[in-house]
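For reference, the structure is listed below as C-alpha cells.
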Amino acid sequence: MATPAKSIGRGPDHFINRIGLTVVYVGELLRHRAYTRFLHWAYGIFFFLALVSGFGIYMPWIFRWFTPLFGGGAMTRMLHPWFGLGFVFFFGLQALNWLVPMAWGPGDSRWMKRMKDYVTHRDSIEPPDVGFFNAGQKAMFWEIVGGSIAYIITGLIMWFPEIFGRWPVAISYVIHDISALIMLAGIFIHIYLSTIGEPGTMQAMTRGTVSESWAWTHHPAWYKEVTGRDPQQALEDARRNLSETRGNSGE
C-alpha cells in the first residue's frame with residue numbers, strides 16, 4: 001500500500017519539522033520531512049562511529065590507526081558501546097516512524113522475484129504497485145531491525161562478561177561481528193543506490209524532496225497517490241515533451 005509523505009515523520013506539526021521547514025519547488029514532491037531526515041542522519045552517524053571504533057578494537061592489527069581518532073584504545077573501548085546504543089536508539093525511533101509503510105505485502109514478494117530486472121534497469125519504471133518503499137528497501141529495513149536486536153543482546157553480554165560467563169560472551173562476539181558485516185554490506189548497497197545507482201535519491205534525505213520524474217520512475221503507486229496522475233502517462237508525456245524539445249532545437 002502506498003503511503004504519502006504527510007503520514008510519515010510524526011506529522012507536520014512535530015517541533016523538528018517546524019524547525020526544519022521543507023521547501024517544495026515546482027516539479028517536486030515532498031518525500032521526507034525534517035524529523036525523518038534528522039533520524040536518518042543521526043543513526044547513520046552513530047552506525048559509522050560504532051563501526052570504525054569496533055574495527056579499531058577487534059582488528060587492531062589492521063585498523064590500529066582508528067583508535068587514536070577516539071583518544072586511544074581504552075577510550076575507544078569505552079565509547080564503542082555508547083555509539084552502538086546511539087545507533088539503536090535513533091533507528092528505533094525511525095522504526096516506529098516507518099512501521100506502517102515498511103509492512104510486507106504480496107506485491108513485495110513479486111518484486112523480489114524480479115530483482116534481476118531491477119538491478120539491470122531492464123524496465124523504464126518500477127511495477128505500478130510499488131509504493132512509498134520497494135521490497136528491497138523493506139528487506140534492508142527489517143534486516144537492520146534484526147541486526148539491532150542482535151546488537152542489543154550481544155552487546156550487553158559483552159559489556160558485562162562477568163555476569164554472563166565465558167561461553168555466552170564468546171558466542172556473542174561471533175554473532176555481533178557477523179551482524180555488523182551483514183549490515184555493512186547493506187549500507188554499501190544503500191549508498192550506491194542513493195547516489196550513482198538512482199540519481200536524485202540523495203536529495204530525498206538532504207532537502208526532503210524528489211523530482212516528479214524520480215517518483216513515477218521508482219515509486220509509481222506512491223506518485224499516483226499523492227498526485228492523482230497515472231505514472232505511465234506521466235512518463236509518456238515526458239518522452240513526448242523531450243522529443244518535441246529536441247525537434248525544435250534541430251537535434
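The values are calculated or read from the model by the stated rules, or taken from the named source; none is laboratory data. The structure displayed is predicted, hence computed values, not measured ones. Ideal geometry is used to build each Cβ from the backbone, glycine not excepted, and the neighbour counts take in all protein chains shown. To get the accessible areas, we keep the full protein, side chains included, count just its heavy atoms, and leave off ligands, DNA and RNA. Shrake-Rupley method; radii C 1.70, N 1.55, O 1.52, S 1.80 Å.
This table checks each residue for (1) hydrophobic (A, V, I, L, M, F, W, C); (2) farther than 26 Å from Ala34 by Cβ; (3) touching a strand residue (DSSP E or B) at 6+ places or on another chain (Cβ under 7 Å).
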position: Pro168; (1), (2), (3): no, yes, no
position: Ile178; (1), (2), (3): yes, yes, no
position: Gly200; (1), (2), (3): no, no, yes
position: Gln203; (1), (2), (3): no, no, yes
position: Glu225; (1), (2), (3): no, no, no
position: Asp230; (1), (2), (3): no, yes, no
position: Arg239; (1), (2), (3): no, yes, no
position: Thr245; (1), (2), (3): no, yes, no
Taking Ala95 and the conditions (1) of a type outside the set (Val, Ile, Thr); (2) open to solvent by 30 Å² or more (accessible area, probe 1.4 Å); (3) part of a helix (DSSP H, G or I), which numbered condition does it fall short on, given that it satisfies the others?
-> (2)
Pick from Glu143, Glu162, Glu198: which is at pLDDT 95 or above and among the acidic types (Asp, Glu)?
-> Glu143
Which pairs have Cβ atoms under 7 Å, sit 6 or more apart or on different chains, and link a residue in the stretch 173-186 that is in a helix (DSSP H, G or I) to one that is among the β-branched types (Val, Ile, Thr) and open to solvent by less than 30 Å² (accessible area, probe 1.4 Å)?
-> Ile175/Thr154; His176/Thr154; Met183/Ile144
Of the residues Pro127, Pro168, which single one is touching a residue at least 60 places away in the same chain (Cβ under 8 Å) and more than 23 Å from Phe47 (Cβ to Cβ)?
-> Pro127
For Ala204, indicate whether it is under 26 Å from Val226 (Cα atoms), surrounded by fewer than 18 Cβ atoms within 10 Å (Cβ to Cβ), in contact (Cβ under 8 Å) with a residue 40 or more places away in the chain and not polar (S, T, N, Q).
-> no
Of all residues making up the stretch 16-26, the number that are among the hydrophobic types (A, V, I, L, M, F, W, C) and closer than 22 Å to Val100 by Cβ | 1
Residues within the stretch 220-245 that are surrounded by 16 or more Cβ atoms within 10 Å (Cβ to Cβ) and under 16 Å from Val24 (Cβ atoms), tallied = 3
Val88 vs. criteria outside any helix (DSSP H, G or I), under 26 Å from Gly11 (Cβ atoms) and either among the β-branched types (Val, Ile, Thr) or in contact with a strand residue (DSSP E or B) (Cβ under 8 Å, 6 or more places away or on another chain) (or both) = no
Of the residues that make up the stretch 98-120, is at least one modelled with pLDDT of 90 or more, farther than 30 Å from His218 by Cβ and not small (Gly, Ala, Ser)?
-> no
Taking Ile144, is it more than 21 Å from Ile196 (Cα to Cα) and either part of a loop (DSSP other than H, G, I, E, B) or open to solvent by 30 Å² or more (accessible area, probe 1.4 Å) (or both)?
-> no
Helices (runs of 4 or more DSSP H) fully within the stretch 1-85 counting 3 or more residues that are open to solvent by less than 80 Å² (accessible area, probe 1.4 Å), within 26 Å of Gln137 (Cα to Cα) and of a type outside the set (Gly, Ala, Ser) | 34-58
In this structure, is Val52 under 22 Å from the mean Cα position of the chain (by Cα) and free of Cβ contacts under 8 Å to residues at least 24 places away in the same chain?
-> yes
Which condition number in (1) part of a loop (DSSP other than H, G, I, E, B); (2) more than 23 Å from Ala234 (Cα to Cα); (3) among the hydroxyl-bearing types (Ser, Thr, Tyr) is the one that Ser124 fails?
-> (2)
Members of the stretch 98-116 that are part of a helix (DSSP H, G or I) and open to solvent by 40 Å² or more (accessible area, probe 1.4 Å) | Pro106, Ser109, Arg110, Met112, Lys113, Met115, Lys116
Out of all the residues in the stretch 32-75, which are β-branched (Val, Ile, Thr) and over 16 Å from His176 (Cβ atoms)?
-> Thr36, Ile45, Ile62, Thr67
